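Heads up: the structure comes next, in structure tokens.
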Amino acid sequence: MGWGQRLAWTAVAVLGAGAAGAIALHRGESINSIWFIVAAVCIYALGLRFYSAFVAARVLALDATRATPAERLNDGRDYLPTNRWIVFGHHFAAIAGPGPLIGPTLAAQFGYLPGTIWILIGAVLGGCVQDFVILFCSLRRNGRSLGQMARDELGALGGAVALIGVMAIMIILIAVLGLVVVNAMKHSPWATSTVAATIPIAVLIGLYMRNLRPGRVIEGTALGVALLVFSVVAGGWIDHHPVLRGWFDYDGPQLALMIIAYGFAAAVLPVWLLLAPRDYLSTFMKIGTIVALAIAIVILRPEVKMPAMTQFIDGTGPIFGGTLFPFVFITIACGAISGFHSLISSGTTPKLLGNERDARFIGYGAMAMESFVAVMAMVAATVLDPGVYFAINSPAGVVGAEAARAVQTISEWGFPVTVEQMTALAREMGESTLFARTGGAPSLAVGMASIFSQAFGNTLLAVWYHFAIMFEALFILTTLDAGTRVARFMLQDMLGNVFPALGRTSWYPSVLLCSALVVAGWGYFLYIGTIDPLGGINSLWPLFGIANQMLAAIALCVSTTVIVKSGKLRYAWVTAVPLAWLVVITSAAAWEKLFSPELRIGFLAHASDLSEKLAAGVLPPEKAAQAPQLIFNDRLDAVLTAFFLVTTWVLVIETVRVCHAAATGRRCPPSTETPYVRTQLAEA
Amino acid sequence: MGMKTPWSRVRELWRRFGRGPGPAGRLRTAASAAWRALRAATGDDGYERYLAHHRLRHGGDVPMSRAEFFRAEQRRKWDGIRRCC
């Protein structure tokens, strides 16, 4: 490094430290959001420039002269050396989902500081490292998947735990995402009609790209995006039409049933008809909207009005119950470290890399960008008046169903808000009410709408709001479709071991049966979530967070084992420290969700409280009718949590055993790294 | 057809635009590069890339048609985990 570069990086470090210090130590009325952006960009730049370089050179010893699977196994399709920027784009589009938008929005109930710190530190030292190391492991193993690597490196037990973990996380994830969409659409004809319109638009584009103009992706997508924008405007007309609006006005449980029916249809229809065109549209909308949000925040530099920390760090928060530790980590999930990414890092990406050296920029860099999306979501949630933020996100079961009662409760917490303010805001956004829209999508949409309308002309607030809702729903539904399909393949694969006929992925009876089973799995949790008086998110999001962080722990177990087996025991801390931290937070969170006496935290406490009340006959009739379902659901959630806890520990103990054996020269599964072959590609 | 639609006029203009050195030529080069990058990033040029690969590796056989190729690609792409949370 020359003196000029040293000076420049010192300046970045000083600027980053200054911005981070400003965020952490600021105790005024409000703080400008530009400090979040500056701190984040500087910290990611330093992580990418220095820490990832250390991991690449010392820990993994990336070798540009080693032929990658894309070169050795080049078949022109799955395995294909591809331009590094294109691989970066595909990898980022694959890992960036709704998680980093929802998690920070929910975690904002603790204030802006705890969530932001964990997003930054967790990504640079945990999430980016996980994605990078798993990508490297898969690159050195012919592009094998996480499940296969877990089986190869840790033994059959590891493989089985990874497989079941992926299934479980998929089911919970889809349910909670479905719930977020339902909460955005309930009794909102505008949102519901716009989201409904995305289905025929996707089908139309599917037909266009298959039959009219085969493979013309840009044309098809441009047409689709234009239609989507039109559908947002048309939703406004429908909302004002006295008859038509009635066709799109539903409550939560009704919408849940519709999404379940839709999910089943999407899973059994051919991919070209719905899933593939919807994915093209959602990818473009996602990248376009994220870029627009970044530009708007930089132009506008809105003030963050949420306090650095709220009183809810004591565990009494209205959106989800639980203390700062461990629940801020479980709630942020994807923006800091996401186990799900390891499936992409060991999926399509390693089969496209032409040069091993690019694993650093793609694995580490794409996650840094994803984490940046989470920082922007945190900004969008905290620029709202805290009173408005809590009014939108608090479930009726916590603050009361009537508007007057809700604003009184929230104002008493020290976040002043009035009924008039909420009514005016709802009218501006073209909604009848914004109360109790728990889940993150509506409050994020309000934040985005006010940022967009101020940055790009102060009109059309309602259109921006519904554009933001449509954008979130579009890629939530894409994740829902794609996830259902993947879970179906995995279920078919598992059942195929017992009944070979069910393992044939194109045999229609098996497709129908396995799709129905998967949809029934997440559909159950989704439906219960809509009738849960505590809002559903309260129980489902922590469960999702625990499952996701558990999958990250599995990925880090595999990574640590590979590093130890390669003779780098002294560098094993690079993955072992994040692993240890994840085990601590998932265990603590799982323990609390199981055994906490607090009704909104402990599943078992809630179940026994409800059954006592039911037995004593103190519940009103409609609550009494739902109680048995809710009690059963609490117990089921408890069983799932216990299962996550036990499997994580089984895998960690297995990892310690294998690593100890490898370090002391005892018998253990040998490393499955493919032998060195020199690259023939000119580039290297 | 020979009809002068607005679109064909735009294409005609672009065909003649920026041939030779100077700022217009540089703009043309930059715009073409951006367009190529967009096509590559979106997979719009997938069929052309397939044909190139096909010529190189399997010179003798008949390649798939554009429509066949696109169908095969979509089937292949969705046989695994493609999207995340």
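Computed from the coordinates by the stated procedures, all read-outs in this text should not be read as laboratory data. For clarity, every value in this text was computed on a predicted model and none was experimentally measured. Don't worry about glycine lacking a Cβ; one is built from the backbone with ideal geometry, like all the others, and counts go over all protein chains shown.
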Which listed residue, of A:Gly397, A:Gly317, is out of contact with any Ser or Thr (no Cβ under 7 Å at 6 or more places or on another chain), assigned to a helix (DSSP H, G or I) and over 25 Å from A:Ser559 (Cβ atoms): A:Gly397
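For region B:1-54, which positions are polar (S, T, N, Q) and either under 20 Å from the mean Cα position of the chain (by Cα) or within 21 Å of A:Thr221 (Cα to Cα) (or both)?
Listed by number, the residues that qualify are B:Ser8, B:Thr29, B:Ser32, B:Thr42.
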Subset of region A:140-178 (residues that are of a type in the set (Lys, Arg) and without any contact (Cβ under 8 Å) to a residue 24 or more places away in the chain): A:Arg151
Subset of region A:256-313 that is among the polar types (S, T, N, Q) and away from chain B (no Cβ under 12 Å) - its residue that is nearest to A:Met185 (Cα to Cα): A:Thr289
Residue count, region A:330-347 (criterion: assigned to a loop (DSSP other than H, G, I, E, B) and more than 7 Å from chain B (Cβ to nearest Cβ)): 4
Pair list, Cβ < 8 Å and 6+ apart or interchain, from region A:221-237 residues that are under 14 Å from A:Ile205 (Cβ atoms) to residues that are surrounded by 15 or more Cβ atoms within 10 Å (Cβ to Cβ) and of a type in the set (Ser, Thr, Tyr): A:Thr221/A:Tyr280; A:Thr221/B:Thr42; A:Leu223/A:Tyr208; A:Gly224/A:Tyr280; A:Leu228/A:Thr198; A:Ser231/A:Ser193; A:Ser231/A:Thr194; A:Ser231/A:Thr198
Residue within region B:60-77 that is of a type in the set (Lys, Arg), under 30 Å from A:Gln492 (Cβ atoms) and crowded, with 16+ Cβ neighbours inside 10 Å present: yes
In region A:487-505, the residues that are among the hydrophobic types (A, V, I, L, M, F, W, C) and either in contact with a Gly (Cβ under 7 Å, 6 or more places away or on another chain) or not in a helix (DSSP H, G or I) (or both): A:Leu495, A:Val498, A:Phe499, A:Leu502
Hey, A:Ile119 surrounded by fewer than 18 Cβ atoms within 10 Å (Cβ to Cβ) and either more than 14 Å from chain B (Cβ to nearest Cβ) or without any contact (Cβ under 8 Å) to a residue 12 or more places away in the chain (or both) or not: no
Check on B:Ala52, within 20 Å of A:Gly89 (Cα to Cα) and of a type in the set (Gly, Ala, Ser): no
The lone exception for A:His241 - which of (1) within 28 Å of the chain's Cα centre (by Cα); (2) surrounded by fewer than 20 Cβ atoms within 10 Å (Cβ to Cβ) it fails: (1)
Residue satisfying condition, being farther than 30 Å from B:Leu38 by Cα and under 18 Å from the mean Cα position of the chain (by Cα), within set A:Ile313, A:Ile344, A:Ile332, A:Ile287: A:Ile332
Residue list for region A:535-582, filter: over 18 Å from A:Asp131 (Cβ atoms) and among the β-branched types (Val, Ile, Thr): A:Ile537, A:Ile546, A:Val564
Single residue of region B:48-77 satisfying the filter (farther than 15 Å from A:Arg210 by Cα and part of a loop (DSSP other than H, G, I, E, B)) that is nearest to the other protein chains (Cβ to nearest Cβ): B:His58
Hits in region A:51-107 (condition: surrounded by fewer than 21 Cβ atoms within 10 Å (Cβ to Cβ), away from chain B (no Cβ under 14 Å) and among the polar types (S, T, N, Q)): A:Thr65
Selection from region B:25-43 of residues that are more than 14 Å from chain A (Cβ to nearest Cβ), of a type in the set (A, V, I, L, M) and either on the phi > 0 side of the Ramachandran plot or surrounded by fewer than 12 Cβ atoms within 10 Å (Cβ to Cβ) (or both): B:Ala30
Residue match in region A:368-375 (condition: in contact with a Lys or Arg (Cβ under 6 Å, 6 or more places away or on another chain), in a helix (DSSP H, G or I) and closer than 13 Å to A:Phe132 by Cβ): no
Residues that are in a helix (DSSP H, G or I), out of contact with any Phe, Trp or Tyr (no Cβ under 9 Å at 6 or more places or on another chain) and in contact (Cβ under 8 Å) with a residue 24 or more places away in the chain, drawn from region A:21-46: A:Ala24, A:Ile34, A:Ala39, A:Cys42, A:Ile43
Subset tally (residues that are surrounded by fewer than 16 Cβ atoms within 10 Å (Cβ to Cβ) and part of a helix (DSSP H, G or I)) for region A:259-289: 4
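Residues in region A:228-240: is at least one of a type in the set (Asp, Glu) and within 12 Å of chain B (Cβ to nearest Cβ)?
No, the conditions are met nowhere in region A:228-240.
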Any chance A:Thr478 is more than 14 Å from chain B (Cβ to nearest Cβ) and either surrounded by fewer than 21 Cβ atoms within 10 Å (Cβ to Cβ) or β-branched (Val, Ile, Thr) (or both): no
Single residue of region A:508-538 satisfying the filter (within 20 Å of the chain's Cα centre (by Cα) and among the hydrophobic types (A, V, I, L, M, F, W, C)) that is surrounded by the most Cβ atoms within 10 Å (Cβ to Cβ): A:Leu526
Count - residues of region B:44-59 that are free of Cβ contacts under 8 Å to residues at least 12 places away in the same chain and surrounded by 12 or more Cβ atoms within 10 Å (Cβ to Cβ): 7
Scope region A:183-224; condition away from every other protein chain (no Cβ under 12 Å), of a type in the set (A, V, I, L, M, F, W, C) and surrounded by fewer than 24 Cβ atoms within 10 Å (Cβ to Cβ); matching residues: A:Ala196, A:Ala197, A:Ile199, A:Ile201, A:Val203, A:Leu204, A:Leu207, A:Leu223
